[in-house]
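Beneath this line is the structure, given in structure tokens, with notes to follow.
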Amino acid sequence: MQLTNRRDMGFVPISIDNYIKKHLKNNPRENVADLKKRLNSALSDYKIGVKCHCGNDIWVIGSALVGNSCFTCITGERHPTDDYEIDAAIDKSSNKKGVRNIDDMAPTEIAGFFDDDGNEINTDLIKKPSLCLTCVHDNDPNEEILCNMTRYDQRNDKEFICFAYRKKFR
Ligand SMILES: [Zn+2]
């Protein structure tokens, strides 16, 4: 499963006008009207849900410079660190989901489990198969993480198979 890498934490929000000011300091020959046009065009593409060819949300600032692509495809880095993003493009993603990534968490904070990309999995959202209700391990706090991993791994399978299953005796 590909969860989005776009999180509020990595990007530093900036307004289009302030970004243009910063950009001009480093690129004094830039055509302001043209840059603004490209930023607004990438922003409206972002808002209507245009994605990078890889499926991620586009990075508006990078897309204005090199064409619509996500942060990772433009920079080759997995996550933004202190990179700017137009504020209006960050607001939307923060409404969508607040997935935490293991790379950004303090070691003491890391509990529970994470998918292959390091994004935290909300175990409350994992469905409990009916088989579990008749299992001795059901509601056993020592087994909970293992049970959740088994459930998560098979979340898209039609039939749930668990090798730790033991029928409750009554
Ligand atoms: Zn991409």
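Worth a mention:
- Cβ-Cβ contacts under 6 Å between residues 6 or more apart (or on different chains), taken from a first residue in segment 69-98 that is under 18 Å from Val50 (Cβ atoms) and away from the ligand (no atom under 16 Å from the Cβ) to a second residue that is at pLDDT 95 or above and of a type in the set (Val, Ile, Thr), are listed as Ile86/Ile16; Ile86/Val60.
- Yes/no for Phe169 being at pLDDT below 80, open to solvent by 90 Å² or more (accessible area, probe 1.4 Å) and not in a helix (DSSP H, G or I): yes
- Of all residues in segment 11-33 being open to solvent by 60 Å² or more (accessible area, probe 1.4 Å) and part of a helix (DSSP H, G or I), the one that is farthest from His79 (Cα to Cα): Ala33
- Every residue from segment 9-59 that is farther than 25 Å from Arg100 by Cα, away from the ligand (no atom under 16 Å from the Cβ) and hydrophobic (A, V, I, L, M, F, W, C): Ile16, Ile20, Leu24, Val32, Ala33, Leu35, Leu39
- Residues in segment 89-118 that are open to solvent by less than 30 Å² (accessible area, probe 1.4 Å) and either at pLDDT 80 or above or over 30 Å from Ser41 (Cβ atoms) (or both): Ala89, Ile90, Met105, Phe113, Asp115, Gly118.
- Condition check for Leu125 on (1) open to solvent by 60 Å² or more (accessible area, probe 1.4 Å); (2) touching a residue at least 24 places away in the same chain (Cβ under 8 Å); (3) farther than 17 Å from Phe163 by Cβ: one failure, at (2).
- Residue, farthest from Asn101 (Cα to Cα), within segment 131-166, restricted to residues that are of a type in the set (S, T, N, Q) and open to solvent by less than 90 Å² (accessible area, probe 1.4 Å): Thr134
The values are calculated or read from the model by the stated rules, or taken from the named source; none is laboratory data. Please read all numbers here as calculations on a predicted model, not as lab measurements. All Cβ positions, even for glycine, are placed from backbone atoms using ideal geometry, and neighbour counts span all protein chains on display. For the accessible areas, the whole protein counts, side chains as well, though only heavy atoms, and no ligand, DNA or RNA atoms are used. Shrake-Rupley method; radii C 1.70, N 1.55, O 1.52, S 1.80 Å.
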